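This structure is in structure tokens; I'll ask about it shortly.
The values are calculated or read from the model by the stated rules, or taken from the named source; none is laboratory data. The shown structure was predicted, so the numbers you read here are calculated from the model rather than taken from an experiment. Every residue, glycine as well, gets a Cβ built from its backbone with ideal geometry; the counts of neighbours run over all protein chains shown. Note: areas computed on protein heavy atoms with side chains; ligands, DNA, RNA excluded. Shrake-Rupley method; radii C 1.70, N 1.55, O 1.52, S 1.80 Å.
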Amino acid sequence: MQISNYIPEVISNFKCSAKGNDVQAYGSGHINDSFLVKNLAPEDTDYLLQRINNSIFSDVEALTGNMLRVTQHLKEKVLSQHGDPLKEVMTLIPTVNNQYYYRDSGGNYWRMLHFLKDTRSYDMVSTAKQAYQGGKAFGKFQSMLADFPSEELFEVIPDFHNIEFRLTQLKEAVASNLGDRLETVTEELELVKAHADAMLYFQQTETLATLPKRVTHNDTKFNNVLLDQDDEAQCVIDLETVMQGYVAYDFGDAIRTIINTAAEDEADLEKIQLNMPLFQAYTRGYLESAANFLTDQEVQSLVKGVLLFPYMQGVRFLTDYLNGDTYYKIKFPDHNLQRTRAQFRLFRNLYNKAAELQEIIEKEMSNLKTSQAHG
Ligand code: GN1
Ligand code: MG
């Protein structure tokens, strides 16, 4: 049976006022399926219904527990700052049995969220204001969770951002060559090899000793920030990978989409250029809201995250390509190869500009200190 056939059953099991007369596929996620469930009366709440990919998120109960605790914590913070928790934080809708996920008669897992009207998200950034607002939003997100006991969060996907583990997965994919595609990726494997040692920075024992683990979002693509009609940041979404991590992970993953003048899967590699003003704007917004809790070492580590994330994303796409496309949704046969090449081109461009990126971070940090000193 098709997934969408379960939707009436699913809707009737959540405490929601929509009747399910108007349901549309929604968003551009690579893992879950999302649907917008509209209410007939325009003034009523709409809902976002998501089928959770439970071959990837295998413990839906623990995952949901993380999301509940984190959203609860964020809502309290927003309230104490006189904000609107319903608009600024994702709201999970309970089922008729007061659970926050539902398993349908076909064994599929679902969650329902309050849909935030009059907001927009962008797969690519076009203005400095958007980039700045994105930085503010993710910085504020981390800042509001800085006092949350990160070790209590369940590790939803073990070793999610552990590059050593990702490289091992790639090695295994090369060895089994399930998709019979090894011959097409010689150059890509060379690039992986050439940079592997340098990319292990976050796995080193010295790093573990100096950098604090915090609550991080772990999927800070720009389209995971909802902006309002004036392009002001309103809400950070897609909280299922919120776990313990390094702040540089979130910074790096965000820059991966923000600084790139082309799409994540751009076929024409020449179109993949770096937009430095957007990098600067994001960095400024981020530091403005995160500098209050960041250590000097963490600020120093940010640029390492910027290099790691396109590299690691390329490694993950390449692994999936070699495995015959079992993890990411694809739109055409070589999609994962095209994604890999685009991410590796972005990585090379960033690698060549690492010193300049570092200078921008330092300059923004010192501007911030100066302006704070002057009240
Ligand atoms: C996946 O499904 P989506 O688009 O939210 C992936 C992220 C990747 C991203 C690449 C659980 O996120 O880690 O960075 O694709 N999520 C998971 O665009 O693997
Ligand atoms: Mg995601």
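Run THR220 past the list (1) hydroxyl-bearing (Ser, Thr, Tyr); (2) within 16 Å of ligand 2 (Cβ to nearest atom); (3) assigned to a helix (DSSP H, G or I) and report the number of the one that doesn't hold.
(3)
Please state which one of GLU240, GLU270, GLU266 is acidic (Asp, Glu), more than 13 Å from the chain's Cα centre (by Cα), assigned to a helix (DSSP H, G or I) and at pLDDT 95 or above. Let's see the steps before the verdict.
Values: GLU240 fails: more than 13 Å from the chain's Cα centre (by Cα); GLU266 fails: assigned to a helix (DSSP H, G or I).
GLU270 is the lone residue from the list that is acidic (Asp, Glu), more than 13 Å from the chain's Cα centre (by Cα), assigned to a helix (DSSP H, G or I) and at pLDDT 95 or above.
Considering only residues that are in contact with a helix residue (DSSP H, G or I) (Cβ under 8 Å, 6 or more places away or on another chain) and assigned to a strand (DSSP E or B), look in region 223-232 and name the one that is surrounded by the most Cβ atoms within 10 Å (Cβ to Cβ). So that I can check it myself, show each step before the final result.
In the first step, residues of region 223-232 are kept if they are in contact with a helix residue (DSSP H, G or I) (Cβ under 8 Å, 6 or more places away or on another chain); the result is 223, 225, 227, 231-232.
Now narrow it down to the ones that are assigned to a strand (DSSP E or B): 225, 227.
Values: VAL225: 27, LEU227: 20.
Here the answer is VAL225.
Just to be sure I understand the filter: pairs with C-beta atoms under 9 Å, separated by 6 or more residues or on different chains, first member in region 229-243 and more than 19 Å from ASP123 (Cα to Cα), second member away from ligand 1 (no atom under 16 Å from the Cβ) and assigned to a strand (DSSP E or B). Which pairs pass?
Close Cβ pairs satisfying both conditions: VAL242/VAL215; MET243/VAL215.
Residue by residue, here is whether (1) crowded, with 19+ Cβ neighbours inside 10 Å; (2) under 20 Å from ALA354 (Cα atoms); (3) away from ligand 2 (no atom under 16 Å from the Cβ) holds:
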site: GLN234; (1), (2), (3): yes, no, yes
site: THR241; (1), (2), (3): yes, no, no
site: VAL299; (1), (2), (3): yes, yes, yes
site: MET312; (1), (2), (3): yes, yes, no
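Of everything in region 13-29 that's surrounded by fewer than 15 Cβ atoms within 10 Å (Cβ to Cβ) and touching a residue at least 24 places away in the same chain (Cβ under 8 Å), which residue is nearest to ASN336 (Cα to Cα)?
Residues of region 13-29 that are surrounded by fewer than 15 Cβ atoms within 10 Å (Cβ to Cβ), as a first pass: 15, 17, 19, 21-22, 24-25, 28.
Checking the rest, the ones that are also touching a residue at least 24 places away in the same chain (Cβ under 8 Å) come to 15, 17, 28.
Details: LYS15: 39, SER17: 40, SER28: 15 Å.
Of everything passing the filter in region 13-29, SER28 is nearest to ASN336 (Cα to Cα).
Moving on to the next point. Here are some conditions: (1) without any contact (Cβ under 8 Å) to a residue 60 or more places away in the chain; (2) crowded, with 20+ Cβ neighbours inside 10 Å. LEU92 meets all but one. Which one does it not meet?
(2)
I've got another one for you. Just a yes or no: is a residue in region 359-371 basic (Lys, Arg), part of a helix (DSSP H, G or I) and loosely packed, with under 15 Cβ neighbours inside 10 Å?
yes
The rows are residues; the columns are (1) assigned to a helix (DSSP H, G or I); (2) within 28 Å of PRO158 (Cβ to Cβ); (3) free of Cβ contacts under 8 Å to residues at least 60 places away in the same chain.
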position: LEU49; (1), (2), (3): no, yes, no
position: THR71; (1), (2), (3): yes, yes, no
position: GLY83; (1), (2), (3): no, no, yes
position: LEU113; (1), (2), (3): no, yes, no
position: LEU116; (1), (2), (3): no, no, no
position: TYR122; (1), (2), (3): no, no, no
position: SER126; (1), (2), (3): no, no, yes
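Being within 16 Å of ligand 2 (Cβ to nearest atom) and of a type in the set (D, E, K, R) is the filter here; which residues of region 19-46 pass it?
Within region 19-46, ASP33 is the sole residue that qualifies.
Name the single residue that is nearest to ligand 1 (Cβ to nearest atom) among those in region 243-258 being hydroxyl-bearing (Ser, Thr, Tyr) and within 13 Å of the chain's Cα centre (by Cα). Walk me through it before giving the result.
First, pick out the residues of region 243-258 that are hydroxyl-bearing (Ser, Thr, Tyr): 246, 249, 257.
Still in the list and also within 13 Å of the chain's Cα centre (by Cα): 249, 257.
Values: TYR249: 10, THR257: 8 Å.
Residue satisfying both the conditions and the ranking: THR257.
Which count do you get for residues in region 247-278 that are surrounded by 24 or more Cβ atoms within 10 Å (Cβ to Cβ), away from ligand 2 (no atom under 16 Å from the Cβ) and of a type outside the set (A, V, I, L, M)?
2
Taking region 161-181 only, how many residues are in a loop (DSSP other than H, G, I, E, B) and either open to solvent by 20 Å² or more (accessible area, probe 1.4 Å) or basic (Lys, Arg) (or both)?
Step one: of region 161-181, the residues in a loop (DSSP other than H, G, I, E, B) are 161-162, 177-181.
Retained after the next criterion (residues that are either open to solvent by 20 Å² or more (accessible area, probe 1.4 Å) or basic (Lys, Arg) (or both)): 162, 177-181.
Of the residues in region 161-181, 6 are in a loop (DSSP other than H, G, I, E, B) and either open to solvent by 20 Å² or more (accessible area, probe 1.4 Å) or basic (Lys, Arg) (or both).
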